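Down below is the structure, laid out as structure tokens.
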Amino acid sequence: MTSRRDQGNQDNEAAAFRQALRRELIAAREALPAALHARKSAAVLDHLYPLLTARPPGMLAFYWPIRAEIDCRSLLPPLLALGWRACLPVIVDRAQALEFREWTPESHMVLGGHGIPTVAAGPAVLPDVLLLPVNGFDREGYRLGYGGGYFDRTLTTLEPRPFAIGVGFDLARIDSIGPRRHDHALDAVVTESGIERFPCS
């Protein structure tokens, strides 16, 4: 039986491992030359768009890119024209799940949690598909984010669970993030090499 002290040590070790890995992978992404970043990003979007349009139009939760993440916003106009709707996450409380507010090109934006733009006001909506940036991802589909746990808490509470797609570069692929009990696997990850699907947990 694992003691409370042993469990705490394991949690601390796992957190330290993830933090070091997160720094390394973000630095590698930010170090990509601009032209190479643009080419790889275009390849990712070329795979992501048909993955989305193979599904019936629904509510797509996207992210506002930071720290050299792949920018998916160019996909929004053609998706909206096909009948999709879009929404952005909002941090309501740092210990709670994310809320989502519908976004349109006319939406009034404000800086939300961590200085990331989001929709200023509006009723909460439920996404059918969720795009998540990945700093890292492993062979089982577990995602390394920024350490806040927001998306894991959100996937725990959303019913029905949205189809969760990680978006990142091949350089984010790792053997294992060392998943913990609270972690949720993604349904798919899209990189410049293509689409990888996972049986979600």
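A few points about this structure:
- Which of LEU130, LEU51, LEU36 has the fewest Cβ neighbours within 10 Å, and the rest in rising order: LEU36, LEU51, LEU130
- Local electrostatic count at LYS40 - Lys and Arg +1, Asp and Glu -1, tallied over other residues with Cβ under 14 Å: -3
- Simple Cβ-charge dipole of the chain, Lys/Arg +1 and Asp/Glu -1, about Cα centre, in debye nearest 20: 180
- Taking the charge dipole of the chain about its Cα centre, with +1 at Lys and Arg Cβ atoms and -1 at Asp and Glu Cβ atoms, the residue from VAL90, SER107, TYR146 reaching farthest to the positive side is TYR146.
- Adding -39500 (n - 2.57) for every DSSP H run of four residues or longer, then dividing by how many residues the chain holds, sets the calculated 222 nm ellipticity at -10000 deg cm²/dmol.
- Distance distribution P(r), segment 78-149, all Cα-Cα pairs, bin width 10 angstrom from 0: 17, 45, 31, 7 percent.
- Debye-sum result for segment 4-197 in log10 I(q)/I(0), which assumes one identical scatterer on each alpha carbon, at q = 0.16, 0.17 Å⁻¹: -1.07, -1.22
- GLU13 paired with HIS114, simple spin-label distance in nm, labels 7 Å along Cα-to-beta-carbon: 2.7
- Top positive-direction residue, dipole computed over segment 4-197 with Cβ charges, set PRO77, LEU52, GLN19: GLN19
- Of the DSSP H helices in the chain, those with a Cα length along their own long axis of 20 Å or more and a mean Kyte-Doolittle hydropathy reaching -0.5 comprise 34-53.
- For the chain, the longest site-free run once trypsin sites (Lys or Arg not before Pro) in DSSP loop states with at most 16 other Cβ atoms within 10 Å are removed: 1-66
- Rounded to 5, the percent of DSSP beta bridges in the chain classed as antiparallel: 55
Since every read-out is calculated from the coordinates, none of them should be taken as a lab result. Everything numeric in this text was worked out from a predicted model, so none of it was measured. Ideal geometry is used to build each Cβ from the backbone, glycine not excepted, and the neighbour counts take in all protein chains shown.
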